[in-house]
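This report refers to the structure that appears directly beneath it.
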C-alpha cells in the first residue's frame, strides 16, 4: 500500500513520516538547510504479515503544488496533515481539493502538534476539519491527534495504517504502466527510474517502452517497496534498472511512463469529464489556457468545452484537453487543472477517450458516445457503445484506451451482445443488416453488369446504404468470404453463383483478338490501333471491348491503348523478381528487363513504369528493386 501526505507547509508532514518510519524523507541538502520539503520524499515501513507500507511525502508550499500532484496521483491512502496550532490553512484547502478531484476515498487526518495546544483548541480544530472534509471524497475520515515530538498518538495512527493495509489491495489488472517520478544513475548499474505502478505487473527481463518517446528498454532488475523483488505490481513503489539503446537518465523524465509496449500510444488531444471547483469566482470559457497534471506529468494545454461555451463554478461537463505535446493517457486516468499562472487549482476530472477523432467533437453522436464511455465497467461500456448508432465498435481501440490485457479483453468481448469480425465488434442486429445489404448490393450489381466479375472492396463499401469505416467494412467482407457467402476472386467480390459473361458478339470478337496477345508476341502485343487495322474494325469498338475485359480482370492496360493479358503481366512480374534476385544488391536495370522479355526499349520502359505506379517495383536512379509483398498483385503466370 502507498500512503501519501498532504497539507500546508510547516504542518509537520515530514516529521510525521519520520515518526512512523524512522526515515527522514527530505533527501536534498537544500531541504535540510531551509527546513522545508521541496521535492518528493520516500520512506518505507514493514508491518505485520510481511507487507511494507510505502510513504510519499509531498511539499506543502504553494509554489510546489505541481510536485505535490506528481506524488499523490498514484497513492492508495491519503494522510491529510493539519497542525493543531495553525488549523486549516490555504494549502490544506487546495490539497484537499486535489484529493477530491483525484477521487481518493481512503484517507485519515493527522492532527499534528497536539503537544502545543490545549483540549479546547484541539476540539475546535477537529470541528473545523470535519466541516472541511464534509462533501469531499474523504468525508467522515477519522481524525487522529498526534505529536511527532512526544510520540503521542503515533501508535494509533500506525495501527490505523496497518489495518488499512490489511484491506484488499489494488488488483493488478490491465497492462503494465508505471508513472516515472525520478530518473538517476547508479554506478555499476546504470539508469534507474522510480515510480508508482498504476496497473498490471512487470518482471525482470521484460521488454518495456518509455512513453511518449517510444524508446525501447529491458528491465535488468527491480526493487518493489524498497526491497529486492522478482516482480512489481499495481499499488507498489518500484525502482527499475533499465538497459537499452539511448536509455540514460536524461532520456527519461518525471511525467514519462514505463509500460507494456502494447499500451504505448501517446496523445495530445484527450476527451474528458471535467468538474470546475465551486470555489472559482467565475465561469471558465471555451479555449481556456491551463496547466494539466496527469499522473506525474505536468503540461500546458487548452480546455475546449464540448457542451456550451462556458462552465460555471461547481458544474460538470464534457471537454477536450488540447495539449502542447503528447503524453501517455488512458481511459479512467484522473487529471487536475490549474490556472495559467499556476497559482490555484481550477478543477479536474477523468479521461473518457484519450484518442478522440479530430473533428466533430460537439456533435450529438459524439456526446452520446462519450456518455457511454463514462461507465467505468468495461463490459457495460462496450454494451452501451454497441447500442449506439451505428452499432459498431473498434475493438482494438477499445482494448487500448481501457488498457485491457488479452485475457481481460476476451472475457469482456465474449460477454457482449455482438458479433466479432476481425478487430471490430458489431451489434447483432447491425451485423445481420450489413450482411444482407452486402449480398443485396452484389446481387443488384451482377444483374446490371453480367459481363463484370464483381466489385472491388471500396466500390462494394460505397454501394451500401450505411457508410462504414474502410477497415470495418473490410472485416465484414472478409467474414462473408470465410462463411462462403461471398467469393473473393482476385480483387473482385462476387456471389458464389455468379460467372462473368460477355455478350455473344463480344465473345466472338474476343476469340479473334486473344491469339494476337499470346504466344511469342505476348510481351509485345499490338495496340488497339494495330488490332483494328489487322481485323478491319473501328478502334472505338476494340477499345470498348478491351476496357470491359480489363474490368473483368482478363487484360491489363499497361499504357494507353496497350493491353496485355493478365497472366502475361504476372509472368513479367516474376521475370523482374528473378532479375532482382540475381542482380547486384537485389536490383536490376531496365536494359536487363528489356533483353529478358525481348519487347523493345519503349515497351519495356512502359511496363516498368506501370510496375512503379502499382508499387511492384521501387526505382532508385537507373535501377529498380522488387517489393515482395506485391508479387501476387496480378495473380500467377500461366505457361505460354
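Bear in mind that the values in this text are calculations on the coordinates, not laboratory data. Since we're looking at a predicted model, the values are computed, not measured. Cβ placement follows ideal geometry from the backbone for every residue including glycine, while neighbour counts extend to all protein chains displayed.
Computing Rg and the Kirkwood Rh from the Cα coordinates of region 267-343 gives a ratio, Rg/Rh, of 0.93.
Mean residue ellipticity at 222 nm, helices only, the chain: -10000 deg cm²/dmol; runs of at least 4 DSSP H residues each add -39,500 (n - 2.57), and the sum is divided by the number of residues. Relative to its residue count, region 479-593 spans a Cα convex hull of 144 Å³ per residue.
Both the radius of gyration and Dmax for region 210-308 are 18.1, 52 Å, in that order, over alpha-carbon atoms. Highest-first packing order for the peptide set 367-375, 548-556 is 548-556, 367-375, based on the mean count of other beta carbon atoms within 10 Å. Separation of region 1-72 and region 123-170, taken as the distance between their Cα centroids, equals 16 angstrom. Each 5 Å bin from zero up to the one holding the largest Cα-Cα distance in region 334-378 carries the following percent of pairs: 5, 18, 20, 18, 18, 13, 7, 1. Relative protection proxy for 507-513, 605-611, from highest mean packing down: 605-611, 507-513 (other beta-carbon atoms within 10 angstrom). Peptide packing: for 612-618, 143-149, the average count of neighbouring Cβ atoms within 10 Å per residue gives the ranking 143-149, 612-618, highest mean first.
Values (i) 26.8, 82; (ii) 34.0, 118; (iii) 37.3, 107 are given for comparison; Rg and Dmax of the Cα atoms in Å, derived from the coordinates here, is the one labelled (ii). Need the C-alpha centroid separation for region 348-379 versus region 492-547, integer Å. A separation of 55 Å, based on Cα centres.
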